[in-house]
1. How would you classify segment 172-231 from its alpha-carbon gyration tensor, with a ≥ b ≥ c the square roots of the eigenvalues: rounded for a/c under 1.5, else prolate if a/b is greater than b/c, otherwise oblate?
2. Report, to the nearest whole %, how much of the accessible area of segment 49-169 belongs to carbon and sulfur atoms, 1.4 Å probe, protein only.
3. Please compute the per residue accessible area over the chain with all protein chains in place, 1.4 Å probe, rounded to a whole number of Å².
4. Using Cα centres only, tell me the gap between segment 120-174 and segment 92-119 in whole Å.
5. Between A1 and E109, what is 0.36 nm times their sequence separation minus the Cα-Cα distance? Round to one decimal in nm.
6. Find the relative contact order for segment 49-169 and round it to a whole percent, using C-alpha pairs within less than 8 Å whose residues are 6+ positions apart.
7. Considering only protein heavy atoms, what is the solvent-accessible area of E119 at a probe of 1.4 Å, reported in Å² to the nearest 10?
8. Within the chain, which complete DSSP H helices have Cα atoms spanning at least 24 Å along the helix axis and a mean Kyte-Doolittle hydropathy of 0.0 or higher?
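The values are calculated or read from the model by the stated rules, or taken from the named source; none is laboratory data. From a predicted model like this one, the values you see are computed outputs, not experimental measurements. All Cβ positions, even for glycine, are placed from backbone atoms using ideal geometry, and neighbour counts span all protein chains on display. Heavy atoms of the whole protein, side chains included, go into the accessibility calculation; ligands, DNA and RNA do not. Shrake-Rupley method; radii C 1.70, N 1.55, O 1.52, S 1.80 Å.
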Amino acid sequence: AERFGADIREKLVENVDLSTRPFRCQLGGEEGVIEADSIIIATGATARWLNAPEEQAVKGNGISTCAVCDGALYMDEDVAVVGGGDTALEDALFLARFARSVTLVHRREDFRASALMLERVEQEPKITVKTFRQVQRWMHDASGLTGAVLEHPSDHTVTETLSFTGAFLAIGHDAQSTLFKDQLAMDEDGYILHTRPGSSTMTSIPGVFSCGDVSDRRYRQAVTAAGHGCQ
Ligand SMILES: Cc1cc2nc3c(=O)[nH]c(=O)nc-3n(C[C@H](O)[C@H](O)[C@H](O)COP(=O)(O)OP(=O)(O)OC[C@H]3O[C@@H](n4cnc5c(N)ncnc54)[C@H](O)[C@@H]3O)c2cc1C
């Protein structure tokens, strides 16, 4: 990008005003304001974590938020998936291709996932579904994650210990779009929408574009984000 003349600044954008032309981006510190006739937003999305005790110690060393990315690392191992939506069930089915066993941990009895997806999960012999369970704390040793103590969501004295070496959290993502709240059209979870007919990148304000995870609740992959940016 620099070879083509891009001015790259590693700064936090603290505020954006899309109500004036040119648009104004307030940078943190002493950096001041950048004015632009057009903006491409590529601020991404962050996965939600449980923040259960010991989670910090095994983030990236047994606990992942991306089954498609890290699933193959757990060939013939026991893994768990936490969540109850379509993503969690899709992850469980995907992981069943590699893992020896998959335990799906969900805190309620009902699943938000589609009935068809649930049926496929129930038919997969490698998957065990545990409802009314949530992670009380993670367990680990020098090699990484070794399992978790699960508890009943409304009776913390009802516990069970489960052994596994990989855990995948599928409890949602937050689009990093707070800067643009009340300025751009978004869905209920803050993913920036492309509302212009015929455009896959233009937002509700002409001249403001978005690409990658901040606008893509479905794929959230580096390859799709880069491809989206090219559009
Ligand atoms: C554990 C893990 C493993 C993964 N592995 C793979 C994989 O193997 N293959 C694959 O295809 N995908 C993988 N992914 C997904 C991939 O990382 C994302 O889909 C991709 O990075 C999205 O690109 P993006 O440019 O939209 O957002 P991001 O890469 O998240 O970039 C957003 C950028 O915006 C910056 N930003 C946000 N707000 C501000 C602000 N206010 N001011 C300044 N800067 C800001 C952030 O600092 C960040 O640098 C993985 C994800 C995770 C979590």
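1. On the way: a/c = 1.90, a/b = 1.08, b/c = 1.76.
Note, shape of segment 172-231 comes out oblate.
2. Working: 2910 of 6250 Å².
The C+S portion of the solvent-accessible surface of segment 49-169 is 47 percent.
3. On the way: 13180 Å² over 231 residues.
For the chain, the per-residue accessible area is 57 Å².
4. 12
5. 33.8 nm
6. Values: 264 pairs, mean separation 37.4, N = 121.
Dividing the mean separation by the residue count of segment 49-169 yields 31 percent.
7. It works out to around 90 Å².
8. Working: long enough: none.
None pass (Cα extent of 24 Å or more, hydropathy at least 0.0).
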